[in-house]
2 protein chains.
Amino acid sequence: MSRAIVGTSTPQVTAREKVMGRAQYAGDIKLPGMLHAKVLRSPHPHARIVRIDTAAARALPGVKLVVTGHDVPARHWGPHRKEQRILACGVVRHVGEEVAAVVALSEEIARDALDLIRVEYEALPALLTPAAALAGGAPEIHAGTRNIGHEMRIERGDVEAAFAACAAVYEATYEMHSQYPGYLEPMASVAAQDGNGRLTVWASTQSVFLARARLAEALDRPVSTIRVVQATTGGGFGAKIVEENNSLICAFLASRLERPVRLVNNRLEDFQGARASVPMQVWLRLGLAADGVILAKDVRITAECGAYSGLAGDVMHVTAMRSDNMHRVHNVRSHAVMAYTNNPPRGAFRGFGGQQMQFPLNCHLTVLAGMLGIDPIEVHRRNAIGAGETSVHGWKISSTGMAECLDMTRRAIRWDEKRAAPRGTGTRRRGVGIAAAMHVSGNRTLGNWDGSTILLKINEDGRVMLQTSECDMGQGANTMLSQICAQELGIPLAHVTVMAPDTDTAPFCLGSLASRVTIISGNAVLRAAREARQKLLALAAEKLGVEARQLVIADGRIAVPDQPGQSATLAEIARLHIFRHGGEGIHVRASYDAPTVMHDADYYGNVAPAHSFAAQAVEVEVDTCTGQVTVIDSFVADDCGKAINPLAVHGQTHGATVQAIGWTLYEHLQYEDGRLMNGNFADYTMPTADAVPMLRTDVVESNDPNGPYGAKGASETAILPGAAAIANAVFDAVGVRIQSLPITPEKVLAALRALKEEEAAHA
Amino acid sequence: MSRAIVGTSTPQVTAREKVMGRAQYAGDIKLPGMLHAKVLRSPHPHARIVRIDTAAARALPGVKLVVTGHDVPARHWGPHRKEQRILACGVVRHVGEEVAAVVALSEEIARDALDLIRVEYEALPALLTPAAALAGGAPEIHAGTRNIGHEMRIERGDVEAAFAACAAVYEATYEMHSQYPGYLEPMASVAAQDGNGRLTVWASTQSVFLARARLAEALDRPVSTIRVVQATTGGGFGAKIVEENNSLICAFLASRLERPVRLVNNRLEDFQGARASVPMQVWLRLGLAADGVILAKDVRITAECGAYSGLAGDVMHVTAMRSDNMHRVHNVRSHAVMAYTNNPPRGAFRGFGGQQMQFPLNCHLTVLAGMLGIDPIEVHRRNAIGAGETSVHGWKISSTGMAECLDMTRRAIRWDEKRAAPRGTGTRRRGVGIAAAMHVSGNRTLGNWDGSTILLKINEDGRVMLQTSECDMGQGANTMLSQICAQELGIPLAHVTVMAPDTDTAPFCLGSLASRVTIISGNAVLRAAREARQKLLALAAEKLGVEARQLVIADGRIAVPDQPGQSATLAEIARLHIFRHGGEGIHVRASYDAPTVMHDADYYGNVAPAHSFAAQAVEVEVDTCTGQVTVIDSFVADDCGKAINPLAVHGQTHGATVQAIGWTLYEHLQYEDGRLMNGNFADYTMPTADAVPMLRTDVVESNDPNGPYGAKGASETAILPGAAAIANAVFDAVGVRIQSLPITPEKVLAALRALKEEEAAHA
């Protein structure tokens, strides 16, 4: 363990093929005889499909297959509620819903054939807001649901009594919109059925085993007849966990034709087909004691899942309770309702509902701190839950660097200095804002398991092959696994190869979600590497006639330190492990299941083995003429437990920060009558380099006892505080509080006008 | 275990894709941007390469790369002696040796480019027979070798004293020629180096790990940078174990270009490039007591490996001693010398040298039986080693069905009736002949290990994925493994999938050689399946609140018999094994290493865990006008221990019988000045349907204690007795003994003429 590989910034092990342009994304895969598919989507938010005439499409030269909802398996699929079919059958429930698919010799022919499909629709009433959907007497989008996709209530302590004891109470309603995941690589799949009838799907996915289960369900065939291989994946951000249906359509077509089929979304199709985040309206009432201690919280949430519920109910669940666990609070109440509407379905997104509560909560805390005359950072510090404590929902906080994050942030942004006086000149006013957040590292919700299994094989040259089915979508999982393995075995990083997840050969894993991979599979690889090391040392000790504990591994050799001659190469020992009586290759399987529990029926229980914390401070400049808000400085302190790869942690933090800036200021899916009007990167304005300051981040290492080397998740926490930090900074700059996202120039100007009018009225 | 899957004739699990024409042989693989290679071969048996001008070839449009021996790694490769380079450098040692390679956009362009390469050779003296090579003063083909590729001497007991005690002694010299493996699929490879610099080779191979080791050696790079995947393989017969260099050339070209390259031998190239069997001259002196007991054996062998030794020394080793182990003999002596010549290199071939001694030995035994007036079958029976005995070379005979094989053969061919009287009419004379043989099942020679490891994974639907790197080349390994797994787990055969061997993910195995797969990996899969079954039953017992021993697995359920309701589906238990505290998927690794030893320096030691035995009787018709020999009946009794899949055993036996008929009567590689003159299937006459009688086989099940269900190898034994059985039958029919293979009409006619002259001389 002499060479510090863990903790050293390391370029990603997948970097070379990517920078050379040779990484194989699903859309790059070319198979002999491969055909190309395109999907016809509904132009209506809600309609009955009266008839579909595919004759002209089928007659187009080069078209090999045209299918509609009548052709797909009758079985419905869905992560919880079984609501969807591979193609819509009888009714469409949102604009963009998949109605028919064409397979042809080229994408161009398939696209042309789509134009030849005649679909006769009978429009049905469209419910385009939760209010409309939940109104009494509204028609049901799914029979028997009263348009409620999910509902939950939590109450702990005595909320009303606690409010009565508060020195300051503030209530307000926040509107939060849906954010498109915006990965570089849209949904893409290639599928082929082999001569034995087995189906292989190369997918852009965050979880090959969940993809396989989804395929088995939707295609109504056993999982063992399906193989899912993760192609190089260009970002997921939650949308590629379990809700995508690109792979289902592609696989269905390939199995029907017994020829390889490629289905790659263009950007508009991806805007229409991928799940964006869950829009929510949150009414929050929060009460603090005079010393800043949070005494009571009451929340009402209306979430909108759109036409199908997917994971949106789980997202709302997070919004309703996760943020409670970062504070030492006792009296909390949440009531959350999720409405079906005829908008496109919404679902999992980086942060997984955390930001939908951290925005209201952090805005509230700054408001209430102001009301009490306390510094908001002090309010956070005072309420921050401590290591060893159990939260109001039964979460065991095994480590927290929250106080350190807050202190670091305060220093980095020069908080005290900047808060002291008005800043900026003329119409360009500056302000600072702060927010803090927590996230889980792992989550025991998908069945009573939050585990991972690693296979570690030592080749005859002493190098290592690692096999997992946790997915690297660019976040650096493979690098992290390689680092831990190399560190434990005392070998160079380049001597570890992590294989692409493949359901045929890899062990069952849940995949990359809930910021679980570092802590869960990091622990699994730690165990595997230690077991392999023990095997190597035991055999080397036997060969060298020494005790295993005398041996070290370094520079490709196993040796007794300072005893020249008392050594063997790793390759020799790896070979000897095979070539002897009763030998076999070193091929270790190790599993780790988090020491957590499923929450009970009342949502109580420690679901995550660790929790990451972050604090963010931003400085903004608000142009009081135009209303434009510009983030001119941002600092995020991220308590990831231990940065296995600081470079990757900083990269994740930067990305999350930018995604939060996008949600807060720029990105906005625009609909008219349920139709997306800006499904392209020209009109859906993600933040570009000119909209982002030089981002600053630092890491707090709280060293979680459950984490490998103390590490926790580092992929999602940093997206959570951004919106509130910016809104708080806008308030600090110009005195207006925007509680509806995105914070557009129009809203800022309107608020400034209202403020001026109010001031004039009081003057 | 109620349904007998083991022991039931089963179509091969790979059959569907093959009969549909959809199996992917290496030559079928198409990768994006794939280029095509062709190889320029030496026209000289021995020459110095003065210069190579590739300018015109490189200038041909569509040519991407031209390489010669100057471009390949300097490191030499070879299974034992490191003699070869990827392309010849400086000197060529046989006609057909690889001198240059071209990569182009198409095979046609590559072929055209070969014609544009100008090679200036300076001819060197060619040594085309062992006699010439071993003559004093002959130039050395490899410096320092005296043209001896291998030499061995064995002597046990007191051979001379034993001969002195014999009632009958016979000595003769036998000439045996080289046989081309004649698989349907020639050598073929596709190779591609990915963006991370790792090389993948899809190969037609009998051993992916030996292929990887060979690639690493020849390309001078670590094994971990190379992945070998077995494509569907259309026969190997020994030539695809470790001596092929098609994959080396292909992989070198792909790594140089960083583009996929395909190299597929056409039939002539394969005749030139693949190793045929080792030709040998065997002088045999054998002495029997009056009661038929073999008392003494003396053997001198001259083998010819050609220009490179490869595995030919191991083959000669088998010829020199393996047949001794089938009899209860005590006094044996062998001296074997293998000569380098400037003929193409020879090597491993089904039977692995066994037939080169079984032909002489079985001819001798019939001759000596005649001299003693004993039925030759009786001589075999009297000398056959018994179960529980240890042979003269230390081999432990754990089971033998030899006597039963002989008895069965005697009955099947109606031996006693047919031997009683001359048969046939006019110029068409009939005769019967018998021979017997043994073969190893496994062989502890490749390092001190003869093991196998299986990975067995149970999917969430209760079905099974098996991973091994033993290769199915058509012989049925995957079916055998599936049967044992299904039998042990109580699941349908169709619920087992065996994955293609892949060095990245599969456990290290030696591959398909030495008839080792059934006994070695059969035992490994037995262990794996039992461990998996135990895991399933233990968890089901816990869930159902019963004892594991009360449970049975049948029809996809684990149940207490006759207790409705006391059951769970396999799928439920497989899922529960994951989804619980501390859970993980059932993913079992099991290894088996044969209970054998490496032979010592004196070639003594029990190298195989079991031995298969076979006896064959044939009836031939000899046309005394033309000399043509026709096999009109053949019966083989094969002691394979236990026929896991009788259909496959019969198929193997049929194939081996035909291959023996081919070697004995038809196939003959014809050379002129070291140049092959009949490298095609029109002129190299393998037996076609009209040359083969309706073959009859039966199985003897001697139930080996080391075998899974008692099974031993069943792929090679049946090739061993054919030549002697035919030669003995020819003698029985027309009274001439042909001791030089093949038994051509010319040789028969010449012998008949000589016999007639001799009879006339005595008349």
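Taken together, the values in this text are just the output of simple stated rules run on the coordinates, not laboratory data. Predicted model only: the values in this text are computed from it and were never measured. Every residue, glycine among them, receives a Cβ derived from its backbone with ideal geometry; neighbour counts consider all protein chains shown.
Counting only Cα atoms, the stretch A:257-334 measures 69, 19, 19 Å along its principal axes, largest extent leading.
The same position A:Ala763 in the other copies lies at 14.7 nm from this copy, comparing label points 7 Å beyond Cα toward the beta-carbon, shortest first.
Which FRET efficiency value, to the nearest 0.05, is calculated for B:Arg118 and B:Thr173 with the Förster distance at 35 angstrom and r the Cβ-Cβ distance? Step by step, r from the Cβ atoms, then E = 0.15. In terms of its C-alpha gyration tensor, the stretch B:483-522 has an oblate overall shape, because the principal axis ratio a/c (a ≥ b ≥ c, square roots of the eigenvalues) is not below 1.5 and a/b does not outweigh b/c. Relative to the other identical copies, A:Asn196 shows label-point distances of 2.6 nm, where the label point lies 7 Å from Cα along the Cβ direction and values run shortest first.
Backbone geometry of the stretch A:331-345 corresponds, through the Karplus equation with coefficients 6.51, -1.76 and 1.60 at θ = phi - 60°, to 3J(HN,Hα) couplings of 10, 9, 9, 9, 10, 10, 10, 10, 9, 6, 9, 9, 8, x, x Hz, x marking Gly and Pro. Applying the criteria of a DSSP loop state and at most 16 other Cβ atoms within 10 Å to the GluC sites (Glu not before Pro) of the stretch B:295-389 yields B:Glu389. Taking the centroid of alpha carbons for each part, the stretch B:572-644 and the stretch A:129-176 are 70 Å apart.
Need one number: nm distance between label points at A:Arg411 and B:Ala15, each 7 Å from Cα along Cα→Cβ, rounded to one decimal. Inter-label distance under the simple model: 7.5 nm. Remark: chain B projects, on average over all directions, an area of 35.8 nm² (convex hull of Cα atoms). Within chain A, antiparallel bridges make up roughly 80 percent of the DSSP beta bridges whose residues both belong there. Using the Karplus relation 6.51 cos²θ - 1.76 cosθ + 1.60 with θ = phi - 60°, the per-residue 3J(HN,Hα) values for the stretch A:151-163 come to 8, 8, 10, 9, 8, 9, x, 10, 5, 5, 4, 5, 4 Hz, with x marking Gly and Pro.
For the stretch A:13-67 versus the stretch A:231-288, the inter-centroid distance based on Cα atoms is 14 Å. Antiparallel beta bridges, as assigned by DSSP with both residues in the protein assembly as shown, represent about 80 percent of the total such bridges.
By the count of other C-beta atoms within 10 Å, a proxy for reagent exposure, A:Asp562, A:Asp416, B:Asp71, A:Asp638 are ordered fewest to most as A:Asp562, A:Asp416, B:Asp71, A:Asp638. Charged neighbours of B:Ala412, selected by a Cβ distance under 15 Å, balance to -3 (K, R count +1; D, E count -1). The mean number of Cβ atoms from other chains found within 10 Å of a Cβ in peptide B:573-581 is 5, as a whole number.
The Kirkwood radius of the stretch B:1-76, taken over pairs of alpha-carbon atoms, gives through the Stokes-Einstein law at 37 °C and 0.692 mPa s a diffusion coefficient of 179 µm² s⁻¹. Shape analysis of the protein assembly as shown places it in the prolate category; the axes a ≥ b ≥ c from the Cα gyration tensor give an a/c of at least 1.5, with a/b above b/c. For the protein assembly as shown, adding -39500 (n - 2.57) for each run of n ≥ 4 DSSP H residues and dividing by the number of residues yields -8000 deg cm²/dmol at 222 nm. Output the relative contact order of chain B, whole-number percent, from Cα pairs under 8 angstrom with separation of 6+ residues. Normalised by residue count, the contact order of chain B is 16 percent. Among residues other than A:Thr518 with Cβ under 10 Å from its Cβ, the summed charge is +2 (Lys and Arg +1, Asp and Glu -1).
The shape of the stretch B:406-550 comes out prolate: with a ≥ b ≥ c from the C-alpha gyration tensor, a/c is at least 1.5 and a/b beats b/c. Pairs spanning more than 21 Å between alpha-carbon atoms, out of B:Lys30/B:Lys64; A:Lys457/A:Lys535; B:Lys38/B:Lys82; A:Lys297/A:Lys712: B:Lys38/B:Lys82; A:Lys297/A:Lys712. The Cβ shell under 12 Å around B:Ala750 holds other residues with a net charge of +1, Lys and Arg each +1, Asp and Glu each -1.
Of the Cα atoms belonging to the stretch B:648-692, the radius of gyration and Dmax stand at 12.7, 42 Å. The translational diffusion coefficient of the stretch A:38-95, from Stokes-Einstein at 4 °C and 1.567 mPa s with a Kirkwood hydrodynamic radius over alpha carbon pairs, comes to 101 µm²/s. Considering only beta bridges that DSSP places wholly inside the stretch A:451-593, some 85 percent are antiparallel. Reducing the stretch A:443-490 and the stretch B:541-561 to their Cα centroids gives an inter-centroid distance of 34 Å.
Taken residue by residue and averaged, Cβ atoms of other chains lying within 10 Å of the Cβ of B:559-565 number 0. Distances between copies at B:Asp416, taken between label points 7 Å from Cα along the C-beta direction, are 11.5 nm in increasing order. Given R0 = 35 Å, the distance between the Cβ atoms of B:Val692 and B:Leu755 translates into a calculated FRET efficiency of 0.80. Taking only the C-alpha atoms of the stretch A:666-763, Rg followed by Dmax gives 19.3, 61 Å. Measuring from the axis that maps chain A onto chain B, the chain A residue with the nearest beta carbon and its rounded distance in angstrom come out as A:Thr505, 2.
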